[in-house]
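I have placed the structure first, in the form of structure tokens, so that the comments after it can refer back to it.
The values are calculated or read from the model by the stated rules, or taken from the named source; none is laboratory data. Since we're looking at a predicted model, the values are computed, not measured. Note that we place each Cβ from the backbone using ideal geometry, even for glycine, and neighbour counts take in every protein chain shown.
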Amino acid sequence: MTVQEPATTLARQHVQQRVELAVSTVIFALRPHPVSGEPTIWLPLVRRIREPHLGQWALPGGPLESDEDLAASARHTLERTTGLAPHYLEQLYAFGRVDRSPDRVVSIVYWALVRAEEDAQSVVGDNVEWFVADEVPELAFDHNDIVDYALTRLRAKITYSPIAYGFLPEEFTLAQLREVYEAVLGRRLDPANFRRQALRTLKATGRCLSGRSHRPPALYRFDPSTIRPTTLTFPEEPR
């Protein structure tokens with residue numbers, strides 16, 4: 001007599017045999033909007049050259065190799081698609097909805113924030129193109145959900161953490177810092193209120209931005225000793 005295994009056990013074995021791990025990366029940089037010219041969030045996408053979703057745009061990524069750890073895989077994706085090696089790279093979230101791919105794939109997603117001087121060194125390869133992050137087309141798999149999640153996290157985190165400095169050089173002006181906040185939050189901020197709150201987390205360098213003929217602006221650095229578990233509020237600029 002043949003003893004049949006319970007259906008739940010067979011199903012579990014079937015899933016275990018088919019689960020694959022992948023690593024994807026959301027790469028954010030600030031560039032002028034093609035219409036308004038205002039700084040806004042951009043990200044690179046890659047065109048898929050095989051099924052599923054042949055020809056559709058997707059986030060950079062691929063299967064996790066057996067001899068590579070997660071962060072290394074994300075960095076290799078960055079280098080392969082854009083030539084970038086940004087200083088800010090952080091694990092964002094894991095996406096594992098059962099129906100997200102024809103095969104059972106769990107994606108570990110990283111996000112990278114790119115400084116202007118790093119972005120200037122980026123190289124776009126074949127089938128790679130940069131898009132305004134809030135205006136991406138319909139993407140392969142669940143990558144629209146991933147982009148939306150990353151944007152939501154970025155806009156929330158910028159109000160209570162020093163993540164804005166991921167877009168900036170080591171030394172920067174208050175105007176450059178406010179520009180980052182405005183680009184991420186998508187609105188103009190009141191300069192006086194912003195200055196008052198931002199100075200709580202900054203340290204003056206004693207230097208000024210060169211190349212300015214009249215009252216060159218002061219340069220600051222982020223002061224990690226000032227971090228507090230409080231949320232900053234930035235009212236909009238009066239109209």
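Things worth noting here:
- Of all the criteria given as (1) loosely packed, with under 14 Cβ neighbours inside 10 Å; (2) at pLDDT 70 or above; (3) within 23 Å of the chain's Cα centre (by Cα), the one not satisfied by R221 is (1).
- Counting only helices (runs of 4 or more DSSP H) that sit wholly inside region 98-202, those with at least 1 residues that are within 15 Å of the chain's Cα centre (by Cα) are 116-119, 143-157, 174-185.
- Just one residue in the set E170, E135, E179 is of a type in the set (D, E) and buried (at least 16 other Cβ atoms within 10 Å of the Cβ); that residue is E179.
- Test: residue in region 106-124 that is surrounded by fewer than 16 Cβ atoms within 10 Å (Cβ to Cβ) and among the basic types (K, R): no
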